[in-house]
Amino acid sequence: MTDTISACMHFTLMSDQMKRIVYLLVLYLSHASAQSLSGHLLDSATRKPIANASVYIPQLKLGAVTDKDGYYKISPVPRGTYDIEVQSFGFATLVKQIVISGHTELDFEATISYNSLKQVVIISLGIITSAQRCPIPVSIITHDMILEGYQNTVIDYVATQPGVSETTEGVGTTKPQINGLGFDRVLTLTDGLPQEDFQWGDDHGILIDPYAIYDAEVIRGPASLQYGASAEAGVINFKTAPFTPNGTIQSSWLSEYHANNGYIGNSLHIGGNENGFVYDLKASEEIAHAYWNPKDGYVWGSAWNQYNGRLNLGVNKSWGYSRLTLSGLYKRIQVPDGNRDSSGRFIFDFPQEGKIYPSLGNFLSYDATIASDKILEEYQAWWQNGFNLGAGTLGTDIGFTRSVHHDIDTGTVGQGNMIVNDIPYNMKFQLSDATKGFKLTTGINGIYEFEYNLPEPPAPYVADFEIPNYHNFEIGGYLIAEKTINALTLSGGLRYDITHFTGEGMSLANAGTPQQEIVPEGRPGSIVQFTGFDNVYSGWSGSFGATYQLPHNHYVKLNISKSFRAPAINELTSNGLNIGSNAIQLGNIGLKSEEGYQIDLADGYNGRDISLEADGFYNHISNFIFADRRDSFSQGYSIYQFVSSNKAILTGVSGYFNIHPASWKWFEMDNGFTYIYTYLPNSTDSTNHLPWIPAPHLHSEFTFRLVDRQGSSLQGTYFKIGLAKYWEQKNIYSALYTELPSAAYTLFNASLGTNFVNPRSGHLFCSFYVNCTNLSNISYADHLNLAQYFRAINGNIVTVTNQRQGVFNMGRDISFKLVIPFGIRHAGKG
């Protein structure tokens, strides 16, 4: 008893000491003074101030907008070396590296240009650089492009960029592709946090709220050494909104409606900055009923609901910054399984209230629980920190994510129930010396992942165990450097990764019946669902590249890279029905790591009136892994076995050609093109191409802008017309109808938008946008529309042998978006 009392007293004393230490630490962190950056932005030709321009520090997510005198002020700003990005419509983007060691003044002079993207700061490559000096192709999706664009999911934001595509299973389920590679080969991030929400599956999309995204970067190629094995094809980094200027509270309300599928989206945003304490809150909802096209009518099983809340808290002080992000997302989405009667009319999988056919009311219902559906949940916590160490900065990040997956065939009970937990971590040191033109980043990062299946559901439901309970530990170390010598920029680095999988065995008694149960291994009459395993993979990746700025705004790029990717858990262990894919998938525990070698070459011109870039790549991958269709069926479903080829070759060309005459402020034309060819050596005619490679395509858009007039209530008014031309895709993996050749099609689109302002004060009341996609309302199936392979007649799965037998893409859609900003600026701040 005496020992217990003594221990309690000792603990109390220790607790009091800890409280004092924590109190003093919090007091120091909250009151440590930071610096400021201020100055003016002028037109280099007229010397007049430029108002409403953005001055931004990407590393800190801090910025300001110039006033009518061209003046800006960003405060507080931690000490350190930063890249400053200055943007204003009609002027070339300015990028300058500076050292903040006190209250700093910096003036800028901008020149006229209507193509500003090529000097934008890139933060996703591991080193902070500009797009034009980055040796591999980069796509930038700006905030204006997001506001003015059309989307059902977050991947729609990036899918029209050169070299980027998306696979779909209905308009609510999308996954990205880069240079013909997707799923576990593309790493998707939100503010640097890896999205590990079942990346390997094709039957659920990326669980990111599109309204939480402000802009995005796409790195096209395996040279992003900062992120390791999951970035074999490239990286998509979605970024949330910058923090508001000091002393302000800014808010906005967004509402959106799509006529085709009844999509309704609403989002509330509130952000503030009080002397370096920053916060940002997003709350959003999206609901949609079945979509419609001229061939299928309303597509049964394509409704969804999604809800998201996201909170970001942080401090910016002289020692650096600290930010904590908390997010929760819930999505319930139906799966369009293509079940019809013999006449082609959609039918219920199971009778509903005595009916076998969906009524118009069912098609227009926002209830996403009647057809086969999924419940998907994503919970995230992400703590990011940056500390100034004099010569450089130290970044330390750690997070926790939980992804929940329920497959529901009918009713309310899930048959496939999985939970994946991830602990991503990152520590890196960054050094930058503007006087010597040198930048360096080195660090370690990785992830610890553990997944488990939930217990058997009650009868009459039968659990579907797709993958085993497993643990996965990944760690990698890297070094990346960049050196600029006048017009020449050299960059490169090395990385080494280790991936360690351990999986648990599982045996089932009475498999496939309502009496199915998990039993100890070796019980008489049981079957082995999964065999325990312990696999370790390791490998090097590297990159070396150069860019050279030639005279007259001409530049060239060259990059050589090596990639490494360990097999994904589904490729190793799948053993059962993937309900959302209408297929039995079988893993292969003996798969080897993929090893790739890629060359990227680019030639570009960034002029006053014209900008263009042509990018070519050649990618040679050994031990390439893909799902090969077997000549057999189980329970009526086709069977796919994960196999690896000795090698796979992917090559292609992408690029853009934009016209933006400096003397024609009212006109712009943008064009982007993608062509990808693949080859599997030593294969037959029906198996010598990789499956699911996008068809060659061209996106063109003409923009007409009204010249803003002083005193007008309408500002920033524009009208756009565009087309998306997709050629036929005949280079397919046609064996056993794995793929079908896809027909060519052309979509015409149009959009307009404007800002309503107070003609006297210039205060923005609201912004309004209208988009019309598939203007001519054609029937088409994109080559990467996986729903075109979903077909059943009276519940019996049927192999699709002609493209028109499956489910087609959406018909004409008209969307309306309204954004209402409101905010408060505190007196005396800034």
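Inspection of segment 191-203 finds no residue satisfying the criterion of being charged (D, E, K, R) and within 9 Å of the chain's Cα centre (by Cα).
The residue pairs whose first member lies in segment 443-456 and is crowded, with 18+ Cβ neighbours inside 10 Å, whose second member is among the basic types (K, R), and whose beta carbons are closer than 6 Å, counting only pairs six or more residues apart or on different chains, are G443/K428. Just one of the numbered conditions (1) without any contact (Cβ under 8 Å) to a residue 24 or more places away in the chain; (2) of a type in the set (A, V, I, L, M, F, W, C); (3) touching a Leu at 6+ places or on another chain (Cβ under 8 Å) is not true of A51: (3). Filtering segment 253-292 to residues that are open to solvent by 50 Å² or more (accessible area, probe 1.4 Å) and in a strand (DSSP E or B) leaves W253, Y257, I264, L268, I270, E274, F277, Y279, L281, E285, W292.
Scanning segment 516-535 for residues that are out of contact with any Gly (no Cβ under 9 Å at 6 or more places or on another chain) and of a type outside the set (V, I, T) returns Q516, E517, P520, G522, R523, P524, G525, S526.
The set of residues from segment 798-813 being open to solvent by 60 Å² or more (accessible area, probe 1.4 Å) and farther than 17 Å from A744 by Cα comprises T801, R812. Among the residues of segment 350-376, those that are open to solvent by less than 60 Å² (accessible area, probe 1.4 Å) and of a type in the set (D, E, K, R) comprise D373, K374. Screening segment 800-830 for residues that are out of contact with any strand residue (DSSP E or B) (no Cβ under 6 Å at 6 or more places or on another chain) and farther than 30 Å from Y726 by Cα and picking the one that is modelled with the highest pLDDT gives H826. Taken as a whole, the condition of being open to solvent by 10 Å² or more (accessible area, probe 1.4 Å) and without any contact (Cβ under 8 Å) to a residue 24 or more places away in the chain applies to K96.
The residue list I74, I127 contains one member that is touching a residue at least 40 places away in the same chain (Cβ under 8 Å) and over 30 Å from I249 (Cβ atoms), which is I127. Count of segment 58-96 residues, restricted to those that are polar (S, T, N, Q), farther than 16 Å from A110 by Cα and part of a strand (DSSP E or B), is 2. The set of residues in segment 76-93 that are out of contact with any strand residue (DSSP E or B) (no Cβ under 7 Å at 6 or more places or on another chain) and either closer than 16 Å to L389 by Cα or surrounded by 21 or more Cβ atoms within 10 Å (Cβ to Cβ) (or both) is empty. Screening N796 on (1) at pLDDT 95 or above; (2) more than 28 Å from the chain's Cα centre (by Cα) shows it passes everything except condition (1). Do we find that G596 is within 30 Å of E449 (Cα to Cα) and free of Cβ contacts under 8 Å to residues at least 12 places away in the same chain in this structure? Criteria not met by G596. For segment 181-198, a tally of residues being in a loop (DSSP other than H, G, I, E, B) and either over 21 Å from E571 (Cβ atoms) or open to solvent by 10 Å² or more (accessible area, probe 1.4 Å) (or both) returns 3.
Answer yes or no: is there a residue in segment 229-248 that is open to solvent by 30 Å² or more (accessible area, probe 1.4 Å) and touching an Asp or Glu at 6+ places or on another chain (Cβ under 7 Å). Within segment 229-248, one or more residues are open to solvent by 30 Å² or more (accessible area, probe 1.4 Å) and touching an Asp or Glu at 6+ places or on another chain (Cβ under 7 Å).
Specify the residue that is least open to solvent (accessible area, probe 1.4 Å); the eligible residues are those in segment 666-697 that are without any contact (Cβ under 8 Å) to a residue 40 or more places away in the chain and aromatic (F, W, Y). Within segment 666-697, the match that is least open to solvent (accessible area, probe 1.4 Å) is F667.
S776 meets the conditions (1) open to solvent by less than 50 Å² (accessible area, probe 1.4 Å); (2) in a loop (DSSP other than H, G, I, E, B); (3) of a type in the set (S, T, Y) in every case but one. The failed one is (1).
So that you can scan it fast, the table gives a plain yes or no per residue for (1) at pLDDT below 90; (2) in contact with a helix residue (DSSP H, G or I) (Cβ under 9 Å, 6 or more places away or on another chain); (3) of a type in the set (K, R):
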| position | (1), (2), (3) |
| --- | --- |
| V154 | no, yes, no |
| K175 | no, yes, yes |
| G180 | no, no, no |
| L187 | no, yes, no |
| D197 | yes, no, no |
| Q226 | yes, no, no |
| T240 | no, yes, no |
| Q250 | no, no, no |
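With respect to the conditions (1) part of a strand (DSSP E or B); (2) more than 30 Å from P351 (Cβ to Cβ); (3) of a type outside the set (D, E, K, R); (4) at pLDDT 90 or above, I467 falls short on a single one, namely (1). In this structure, does G276 turn out to be more than 30 Å from Y637 (Cβ to Cβ) and without any contact (Cβ under 8 Å) to a residue 60 or more places away in the chain? So G276 does not fit the description; no. Each residue in segment 332-346 was checked for being assigned to a loop (DSSP other than H, G, I, E, B), crowded, with 19+ Cβ neighbours inside 10 Å and at negative phi, and 3 pass. S165 meets the conditions (1) in contact with a helix residue (DSSP H, G or I) (Cβ under 9 Å, 6 or more places away or on another chain); (2) assigned to a strand (DSSP E or B); (3) buried (at least 24 other Cβ atoms within 10 Å of the Cβ) in every case but one. The failed one is (1).
Flag: A781 does not match the condition of being in contact with a strand residue (DSSP E or B) (Cβ under 8 Å, 6 or more places away or on another chain) and not in a loop (DSSP other than H, G, I, E, B). The single condition among (1) open to solvent by 80 Å² or more (accessible area, probe 1.4 Å); (2) touching a strand residue (DSSP E or B) at 6+ places or on another chain (Cβ under 6 Å) that P524 does not meet is (2).
Within segment 300-321, the set of residues being in contact with an Asp or Glu (Cβ under 7 Å, 6 or more places away or on another chain) and at positive phi comprises just one member, G301. Beta carbons closer than 6 Å, at least 6 apart along the sequence or on distinct chains, never pair a first residue in segment 419-441 that is closer than 20 Å to L394 by Cβ and open to solvent by less than 20 Å² (accessible area, probe 1.4 Å) with a second that is modelled with pLDDT of 95 or more and assigned to a loop (DSSP other than H, G, I, E, B). Collect the residues in segment 698-732 that are open to solvent by less than 20 Å² (accessible area, probe 1.4 Å), touching a Ser or Thr at 6+ places or on another chain (Cβ under 7 Å) and without any contact (Cβ under 8 Å) to a residue 60 or more places away in the chain, keeping them in residue-number order. Once the filter is applied, which keeps residues that are open to solvent by less than 20 Å² (accessible area, probe 1.4 Å), touching a Ser or Thr at 6+ places or on another chain (Cβ under 7 Å) and without any contact (Cβ under 8 Å) to a residue 60 or more places away in the chain, segment 698-732 yields G722, Q729. Restricting attention to segment 500-519, the residues that are closer than 30 Å to E474 by Cα and either of a type outside the set (D, E, K, R) or in a strand (DSSP E or B) (or both) add up to 8.
The values are calculated or read from the model by the stated rules, or taken from the named source; none is laboratory data. No experiment lies behind these values; they were computed from the predicted model shown. As a convention, Cβ positions derive from the backbone with ideal geometry for all residues, glycine included, and neighbour counts pool all protein chains shown. Heads up: the accessible areas ignore ligands, DNA and RNA and are worked out on the full protein's heavy atoms, side chains in. Shrake-Rupley method; radii C 1.70, N 1.55, O 1.52, S 1.80 Å.
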